[in-house]
Amino acid sequence: MNAVVLDGARGTECRGALAALQQALAEAGHTTEVIPLRERTIAPCRGCFGCWVTTAGECVIDDAGRQVARAIARCDLLVYLTPVTFGGVSSELKKAVDRMLPDILPFFARVNGETHHHWRYQKSPRLMGLGVLPRPDREAENIFKTLIERNALNLNAPRTAAAVVTPESDLRATAAALAKAVT
Amino acid sequence: MMAERRALLLIGSPRGIGHSTSDRLGGRVLDVLKEHGFLTEKLHVHAAMASPQELESALAVIGAADMVILSLPLYVDSFPAPVIAFLEQIAERRIGAGRARLFVIIQCGFPEKEQNATALAIAERFAAEAGWSWLGGVGLGEAEWQHKDVARALAPVAEAIANGTAIPQSVLRKAMPAWLYRFGGNIMWRLAARKHHATRSLRARPYAE
């Protein structure tokens, strides 16, 4: 399977987790592309819906956000790697997630009893979330896992898994368990 | 003499001041706070994140605020990226710690207001990490559809914020059943595409292999 890792690190805080993730994905048979988002210029989504009603499937902003949307549209597994930020994802990761809108259709669907949008392409990617915290924090971890589950609904993802690691965590075991859960 | 109290409306929509639902809804709350003697100001987050200079002056405004109303659209179960970047700066630099109080208004493009719950949890968590007091928040569905009702319904919320009393949790009734919202919404998107002569390409897959 073809995996895309959106690396939302703002510094070096996710370095160990990324290495463990790459190894686990390789062992699970995935071909992995890592996109270090802090090195990409991605303008904020303008909320214009041009990608839905004018330039169907492509953002009106011509920058690295288009490459990210293309990579996501073509992958089998989408991975969020991020420092857990107020329980959510970092601004670096979110700038890419917001620009995923072209990969979604404007049309509504009923998913799990709620209103969501249809995925534009034939198959939705599976979604994995790996959050990094400087110390154990149950509340932040719960918010993060809920957020990944919610995002999976928005992506119509057929499978999802999320975990949070700290410096004391067994990174290799956690990454391997995540890779197994979505493979 | 009572010290001046400052209330700031932080607009987290890319459409900004004067052009966004976030401004119209948050502005309603700000108007009531003004009637209660607050000095009021508006700040557009996306503009604040446009340059280091803009960011510094925006953070100075935040540092002087006693009350911050953050009004924004829901973006993928959370805040738009520039809002997160702005909040990261506030929390890391402890701007307004021990002084600012936060109230949040989130509106989503779905009929279920419950879809805002994760974003509200993130907002509360931000307040805790930044050392701000958390007043609570309202998550609104269908805001674009019944904007006038929402603006009216926010008045008692604003009164409660100004008076420091319990904030009403039930803001407004549902405008229509979810199935009707989906049905009408799907028609609306087709009409919007027709306006741009893009009806045939609505389901295009430019990145398909």
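The values are calculated or read from the model by the stated rules, or taken from the named source; none is laboratory data. This is a predicted model, so every value here is computed, not measured. In this analysis, Cβ positions are derived from the backbone assuming ideal geometry, glycine residues included, and neighbour counts consider all displayed protein chains. Only protein heavy atoms, including side chains, enter the accessible area calculation; ligands, DNA and RNA are left aside. Shrake-Rupley method; radii C 1.70, N 1.55, O 1.52, S 1.80 Å.
Accessible surface calculations at 1.4 Å, restricted to protein heavy atoms, place the stretch B:6-173 at 37 Å² per residue.
Mean per-residue shielding of peptide A:35-47 is 3, counting Cβ atoms of other chains within 10 Å of each Cβ. Computing FRET efficiency as 1/(1 + (r/R0)^6) for residue A:114 and residue B:54, where r is the C-beta to C-beta distance and R0 is 35 Å, gives about 0.40.
Comparing each chain alone with all protein chains together (probe 1.4 Å, DNA, RNA and ligands left out), the residues of the stretch B:72-91 losing at least 30 Å² of accessible area are B:75, B:76, B:77, B:81, B:84, B:88.
Computed on chain A, with alpha-carbon pairs under 8 angstrom and 6+ residues apart, the relative contact order is 25 percent.
Residue by residue along A:52-61, Cβ atoms of other protein chains within 10 Å of the local Cβ number 5 on average. The fraction of accessible area contributed by carbon and sulfur in the protein assembly as shown is 51 percent, rounded to a whole number (1.4 Å probe; ligands and nucleic acids excluded). Phi-derived couplings, Karplus 6.51 cos²θ - 1.76 cosθ + 1.60 at θ = phi - 60°, listed residue by residue for the stretch B:111-118: x, 8, 5, 4, 5, 8, 4, 5 Hz, with x used for Gly and Pro.
Taking amide H atoms as placed 1.01 Å from N in the peptide plane, the amide H of residue B:112 lies under 5 Å from those of A:115, each 5 or more residues away in sequence or on another chain. Accessible area buried by the pairing of B and A, both sides summed with a 1.4 Å probe, works out to roughly 4400 Å². Taking the Cα atoms of the protein assembly as shown, the ratio Rg/Rh between the radius of gyration and the Kirkwood radius comes to 0.96. Counting charges near residue A:111 (Lys, Arg +1; Asp, Glu -1) among other residues having Cβ under 14 Å from its Cβ returns a value of -2. Across all Cα pairs in the stretch B:1-106, the calculated P(r) in 5 Å bins from zero up to the longest distance comes to 2, 13, 24, 26, 21, 10, 3, 1, 0, 0 percent per bin. Counting only other chain Cβ atoms within 10 Å of each residue's Cβ, the peptide A:102-115 averages 5.
Projected over all directions and averaged, the alpha-carbon convex hull of the stretch A:2-182 occupies 9.8 nm². Contact residues in the stretch A:147-166 (at least 10 Å² less accessible area with all protein chains than alone, 1.4 Å probe): A:147, A:150, A:151, A:154. Heavy-atom accessible surface of the stretch A:2-182, averaged per residue, reaches 38 Å², computed with a 1.4 Å probe. Here the stretch A:93-183 yields Rg over Rh of 1.01, to two decimals, using C-alpha coordinates and the Kirkwood radius.
For residue B:140, the residues whose amide H sits under 5 Å from its own are B:106, B:107, B:108, ignoring neighbours fewer than 5 places away on the same chain, with H placed 1.01 Å from N. Entry for the stretch B:58-209 at q = 0.17 Å⁻¹: log10 I(q)/I(0) = -1.01, Debye formula applied to identical alpha-carbon scatterers, no solvent contribution. I need the calculated FRET efficiency for the pair residue A:38 and residue B:188, taking r as the beta carbon distance and R₀ as 35 Å, to the nearest 0.05. FRET efficiency, residue A:38 to residue B:188: 0.40. With contacts taken as Cα pairs under 8 Å and at least 6 residues apart, the stretch B:6-173 reaches a relative contact order of 24 percent.
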